[in-house]
1. State whether the residues of region 138-150 include one that is assigned by TED's automatic domain parsing to the domain that holds E227, assigned to a helix (DSSP H, G or I) and surrounded by 18 or more Cβ atoms within 10 Å (Cβ to Cβ).
2. Go through (1) at pLDDT 90 or above; (2) under 25 Å from the mean Cα position of the chain (by Cα) and name the single condition V109 misses.
3. Report whether or not V50 is assigned to a loop (DSSP other than H, G, I, E, B), more than 25 Å from V184 (Cβ to Cβ) and at pLDDT 90 or above.
4. So, of the residues in region 115-137 that are free of Cβ contacts under 8 Å to residues at least 40 places away in the same chain and in a helix (DSSP H, G or I), which turns out to be surrounded by the most Cβ atoms within 10 Å (Cβ to Cβ)?
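The values are calculated or read from the model by the stated rules, or taken from the named source; none is laboratory data. Note that this is a predicted model, so its numbers are computed, not measured. No Cβ is skipped: glycine too gets one built from the backbone with ideal geometry, and neighbour counts run over all protein chains shown.
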Amino acid sequence: MGHDKQETSLYYIVKNSISEKIQSGIYKVGDKLPTEMELCTEYNVSRTTVRIALDQLALEGRIEKVQGRGTFVSKPKIVQSLSSAWKGFSNQILEQGYKPRTEILDLRVIPADGALAKKLQLKENDPVNRLVRMRFANEDPLQYETSYVPWHFAPGLINDEEDCRSSLFKLLQTKYNIKIYKTVEAIEPVLADKKISEDLKITKGTPIFSLQTLTYNNEQIPIEYSEAVFRGDRSKFTIERFYDSK
């Protein structure tokens, strides 16, 4: 029992020490860390302790293990809040010191298939605006997103390509007078298939986040449905909860 506690506390000390060295810039992004044996000697701990510490740092996205090459310091993850839809992608990226960019890959009107019609409470084959965007942070592809807006809510959307580079929500509110009431979001980890890996410039099978969002107006009618995939190695999500303290 005592040995387990000691092992746990030692891995925590090693993990925190390496983390602080990354934070302070002693280990910079792209730097190769000392080998496991070198870390064992430096901290006077077992190889098991070092491996647990490195595994935890890898899970947090602080380091990356490359087969046959060693362990390297990763780029810090970009934090996005699932509670701040109103803040928008660009503002959240700017706040973290990155340069945001959005590329419009496709913008057209399509007939709703059965699944999409059900989500947006439409009839099958009703017209829907489809907007496909790629989001970048410092030229690194971060997010691939497809948004669907019923045509009758935004009939001129295909002419608003420039405005669609920024906030779609803001455009729907200001130009199309849509009062957004709430979003319902579902997020899950998945593995990148061939197409997504090519779009996001990552290896096939890399863990990514898949986010599906349904947006409702103040009459509780769905006005937008989106499917987005985020690079798992560069993304981290936060959720802010409010509680009634009365």
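1. Narrowing region 138-150 to residues assigned by TED's automatic domain parsing to the domain that holds E227: 138-150.
When the remaining residues are screened for being assigned to a helix (DSSP H, G or I), the result is none.
No, because not a single residue in region 138-150 is assigned by TED's automatic domain parsing to the domain that holds E227, assigned to a helix (DSSP H, G or I) and surrounded by 18 or more Cβ atoms within 10 Å (Cβ to Cβ).
2. Just one mismatch for V109, condition (2).
3. Working: assigned to a loop (DSSP other than H, G, I, E, B): no; more than 25 Å from V184 (Cβ to Cβ): yes; at pLDDT 90 or above: yes.
Answer is no for this residue.
4. Within region 115-137, the subset free of Cβ contacts under 8 Å to residues at least 40 places away in the same chain is 115, 117-118, 122-133, 136.
From what is left, the residues that are in a helix (DSSP H, G or I) are 115, 117-118.
Working: A115: 10, A117: 17, K118: 11.
Residue satisfying both the conditions and the ranking: A117.
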